[in-house]
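The values are calculated or read from the model by the stated rules, or taken from the named source; none is laboratory data. Only a predicted model underlies this, so the values are computations on that prediction, with no experimental measurement involved. So basically every Cβ, Gly included, is an ideal-geometry build from the backbone, and we count neighbours across all protein chains shown.
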Amino acid sequence: MAGIFGMGLVIAILAGIGAGVGGEVGAVIGGLVGALVGFLPLLYGFAKYYALSGVIGRLSFRELISQPETALDARRQVAPRLGQFLFLGFLLLLAYIAAYLGAAILALIAGGSIGFLTAGILSALINEAVGSVMGIFLGGLIGLGILLVALIWVASRLFIAEVVLAIEPQSDAGGSMSRSWELTKDSIVRIQVVFLATFLIQLPILAVTNYIPSILLELVPADDTVYGIAAVLSLVLSLVGSLVVLPLWQAVKGVLYYDLRSRREGLDLALRHDDGLGLDEGM
């Protein structure tokens, strides 16, 4: 959020300077230069977001192994890897884009094939209208199912990547993704149960801060003065809700990391100190 605000501020300042010097052309040039310069605080903001998210998961994990640390200590441990968190965010974005494209192609092929086959069979057995409707419905349903399952599977396998980077001192951006992929193997159902439980816990908060204000905002005429005030209040409530929900999700990731590592590696992490297997030394 700070990065987006910083980028907008830089663009506004340079566009204003450009407008004062060269009119509309100067404003455009100033805005473009501002976008390039302002991209730096945006990147910094994204890196800080991932780093702070990892810090929350790290604090949760350290409590579980009876080696608690303060938020300040956790931030000091994570701060030197700020660049790695930025790179991790970039890699995760690429991974999700690749997963979406691959799943979309597979869904299109599978859904289209089944849809055409269903349409052909039912057209021959009943009539063309029924065959077409059922073919489109069944093909679309199967295609959507494939897309959702594939995206959920990939997201589950990479769910704890930033927590791994925050906890394991030897990890880097790529290594934390590989580690998350390794730890979450054969645990997709467990992760989805945790995801569902966490979503249900946060649902009342989101209902008050996001869903209900959005619905009420739609009832206000867009050209009314009240609409602007309501929109600002809705945005503020949404941000407050996000500030409450984010720590919950990251704490859950820390707990999940502890659970998965204990199950897969058979470690009693609470009794292992300076083990060289992922806990920071001297802590």
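Restricting the search to the range 149-199, which residues are among the small types (Gly, Ala, Ser) and under 15 Å from the mean Cα position of the chain (by Cα)?
So in the range 149-199, the residues among the small types (Gly, Ala, Ser) come out as 150, 155-156, 161, 166, 171, 173-176, 178, 180, 187, 197.
Once the filter is applied, which keeps residues that are among the small types (Gly, Ala, Ser) and under 15 Å from the mean Cα position of the chain (by Cα), the range 149-199 yields Ala155, Ser156, Ala161, Ser180.
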Matching residues, the range 57-68, being modelled with pLDDT of 90 or more and in contact with a Lys or Arg (Cβ under 8 Å, 6 or more places away or on another chain): Gly57, Ser60
Conditions (1) surrounded by fewer than 16 Cβ atoms within 10 Å (Cβ to Cβ); (2) over 17 Å from Val163 (Cβ atoms); (3) touching a residue at least 24 places away in the same chain (Cβ under 8 Å); number of the one not met by Leu93: (3)
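Would it be correct to say that Ala124 is among the small types (Gly, Ala, Ser), under 17 Å from the mean Cα position of the chain (by Cα), in a helix (DSSP H, G or I) and exposed (fewer than 14 other Cβ atoms within 10 Å of the Cβ)? So that I can check it myself, show each step before the final result.
On the way: among the small types (Gly, Ala, Ser): yes; under 17 Å from the mean Cα position of the chain (by Cα): no; in a helix (DSSP H, G or I): yes; exposed (fewer than 14 other Cβ atoms within 10 Å of the Cβ): yes.
So Ala124 does not fit the description; no.
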Conditions (1) in the same structural domain as Arg157 (by the TED database); (2) at pLDDT below 90; number of the one not met by Leu106: (2)
Unmet criterion (only one of (1) under 18 Å from Pro169 (Cβ atoms); (2) assigned to a helix (DSSP H, G or I)) for Ile152: (1)
From the options Leu36, Leu72, residue that is modelled with pLDDT under 85 and surrounded by fewer than 14 Cβ atoms within 10 Å (Cβ to Cβ): Leu36
Filter result for Leu267 (modelled with pLDDT under 85, surrounded by 15 or more Cβ atoms within 10 Å (Cβ to Cβ), outside any helix (DSSP H, G or I) and of a type outside the set (Gly, Ala, Ser)): yes
Residue match in the range 63-82 (condition: small (Gly, Ala, Ser), free of Cβ contacts under 8 Å to residues at least 24 places away in the same chain and more than 22 Å from Trp249 (Cβ to Cβ)): no
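Listed residues Leu206, Leu233, Leu237; which is within 25 Å of Val154 (Cβ to Cβ) and modelled with pLDDT of 80 or more?
On the way: Leu233 fails: within 25 Å of Val154 (Cβ to Cβ); Leu237 fails: within 25 Å of Val154 (Cβ to Cβ).
It is Leu206.
Determine which member of the set Glu162, Glu168 is touching a Leu at 6+ places or on another chain (Cβ under 7 Å) and either surrounded by 15 or more Cβ atoms within 10 Å (Cβ to Cβ) or small (Gly, Ala, Ser) (or both). Write out each step before concluding.
Working: Glu168 fails: touching a Leu at 6+ places or on another chain (Cβ under 7 Å).
Going through Glu162, Glu168 in turn, the sole match is Glu162.
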